[in-house]
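The values are calculated or read from the model by the stated rules, or taken from the named source; none is laboratory data. Because the structure is predicted, anything quoted here is derived from the model rather than measured. Positions of Cβ are backbone-derived with ideal geometry, glycine not excepted, and every protein chain shown enters the neighbour counts. Ligands, DNA and RNA are excluded from the accessible area calculation, which covers all protein heavy atoms including side chains. Shrake-Rupley method; radii C 1.70, N 1.55, O 1.52, S 1.80 Å.
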Amino acid sequence: MRPVPGDIVYAYRRPKPPSRRRFSLRLGLQHPVLRLRPLSLTDEHGHDWIEVLPVPHGVLDTRLDPDAVVLIPVLDVASHKETLPPEALAVVLDVLEDGRPPWPTLREALRNRSAP
């Protein structure tokens, strides 16, 4: 499964991709993550890696901390949960690119964006 930016998916968060054997078994906990950008990186072994933000407290209540963004292999994406609206994804990317603490939650960032 290849998520698009704004998709919230369940994924295994491990530092290395699964093996490329014909049959391999992956055991572990799946965590909800938010895919951020449309580009992926390819390593020397041909694995595609995507940039995600872990959302353990739900999307609206997770701090938008640029240091929390991680790369995971596309092969570790297990299932789709939901999709973030494009306007909310734009707010997330703006806050992450700004990079100045204190980092708000998405709920706070959306509230600040809509305030006059």
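Determine which member of the set Arg26, Arg113, Arg35, Arg100 is at pLDDT 90 or above and basic (Lys, Arg). Step through it out loud before you land on a result.
On the way: Arg26 fails: at pLDDT 90 or above; Arg113 fails: at pLDDT 90 or above; Arg100 fails: at pLDDT 90 or above.
Criteria check complete, one pass: Arg35.
Can you name the residue in segment 89-107 that is open to solvent by less than 60 Å² (accessible area, probe 1.4 Å) and free of Cβ contacts under 8 Å to residues at least 40 places away in the same chain and is also farthest from Ala11 (Cα to Cα) among such residues?
Within segment 89-107, the first condition is being open to solvent by less than 60 Å² (accessible area, probe 1.4 Å), and the residues that meet it are 89-93, 95-96, 99, 104-106.
Restricting the remaining residues to those that are free of Cβ contacts under 8 Å to residues at least 40 places away in the same chain gives 90-91, 95, 99.
Values: Ala90: 22, Val91: 23, Val95: 23, Gly99: 25 Å.
The selected residue is Gly99.
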Checking Leu84 against (1) in contact (Cβ under 8 Å) with a residue 24 or more places away in the chain; (2) under 11 Å from Leu36 (Cα atoms); (3) open to solvent by 40 Å² or more (accessible area, probe 1.4 Å), which single condition isn't satisfied? (3)
Exactly one of Val95, Val91 is in contact with a Lys or Arg (Cβ under 8 Å, 6 or more places away or on another chain), closer than 16 Å to Leu36 by Cα and part of a helix (DSSP H, G or I), and that residue is Val91
It is to be established whether one or more residues within segment 109-116 are outside any helix (DSSP H, G or I), free of Cβ contacts under 8 Å to residues at least 12 places away in the same chain and aliphatic (A, V, I, L, M). yes
Across segment 51-63, which residue is farthest from Ile8 (Cα to Cα) among those that are in contact with a Leu (Cβ under 7 Å, 6 or more places away or on another chain) and not in a loop (DSSP other than H, G, I, E, B)? Glu51
